[in-house]
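The values are calculated or read from the model by the stated rules, or taken from the named source; none is laboratory data. These figures come from a predicted structure and were not determined experimentally. Glycine gets a Cβ as well: all are built from the backbone with ideal geometry, and neighbour counts include every protein chain shown.
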Amino acid sequence: MQGPPEWGTLLRRGVTKKCPRCGAGRLYRGWFKMKERCPGCGMKFEREPGFFVGAYLINFAITEGLLFVVIMVFIFWKDQHPDAGVVVPLVIGLIFAVVAPILFYPFARTIWSAFDVGMTPLELKEIVEATDAATDAAGSDGSGPALPGTP
Ligand SMILES: [Zn+2]
């Protein structure tokens with residue numbers, strides 16, 4: 001089994017909501033509910049309890065970055081227009097602070113997953129489980145484990 005993909009590939013897959021290991025899409029049921037395993041390669045996304053705390057960090061960083069941009073734009077705007085009020089930038093900042101984490105949530109999870117696969121390649125046990133899960137899913141189109149002898 002080869003090692004994890006290159007960092008560029010991992011991050012590109014992360015920001016496009018793809019599986020970092022194989023690049024498969026459709027990892028979510030709805031906007032918030034991530035499938036337990038990749039439908040392509042069978043990798044379990046939550047590799048250990050509390051795994052996705054890192055995703056919250058990524059989401060937080062993205063939101064803070066956006067708020068930083070709002071503040072910088074306001075500072076430059078205020079410099080040009082000394083009479084400008086503070087209400088509009090406050091409202092924009094508030095909307096960003098609420099909406100951005102919701103919008104970026106699924107991306108934060110796949111980005112975090114990409115970082116993790118890059119830093120901690122899958123162990124043999126995980127690879128075997130993933131292969132088993134992917135084989136089972138292929139044998140019964142994802143509805144459950146395939147039983148020997150069933151068509
Ligand atoms: Zn995959």
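Here are some notes:
- Residue list for segment 27-69, filter: hydroxyl-bearing (Ser, Thr, Tyr), outside any helix (DSSP H, G or I) and over 12 Å from the mean Cα position of the chain (by Cα): none
- Residue count for segment 13-26 under the criterion of being within 14 Å of the ligand (Cβ to nearest atom) and outside any loop (DSSP other than H, G, I, E, B): the result is 2.
- Every pair of residues 6+ apart whose Cβ atoms lie under 8 Å, when the first sits in segment 121-132 and is in contact (Cβ under 8 Å) with a residue 12 or more places away in the chain and on the phi < 0 side of the Ramachandran plot while the second is part of a helix (DSSP H, G or I) and surrounded by 16 or more Cβ atoms within 10 Å (Cβ to Cβ): Leu122/Ala130
- Any hit, segment 81-91, residues being modelled with pLDDT of 95 or more and assigned to a loop (DSSP other than H, G, I, E, B): no
- Subset of segment 78-109 (residues that are surrounded by 13 or more Cβ atoms within 10 Å (Cβ to Cβ) and more than 18 Å from the chain's Cα centre (by Cα)): Lys78, Ala84, Pro89, Ile92, Gly93, Phe96, Ala97
- Residue ID - modelled with the lowest pLDDT, chosen from residues in segment 110-138 that are farther than 30 Å from Asn59 by Cα and crowded, with 16+ Cβ neighbours inside 10 Å: Ala137
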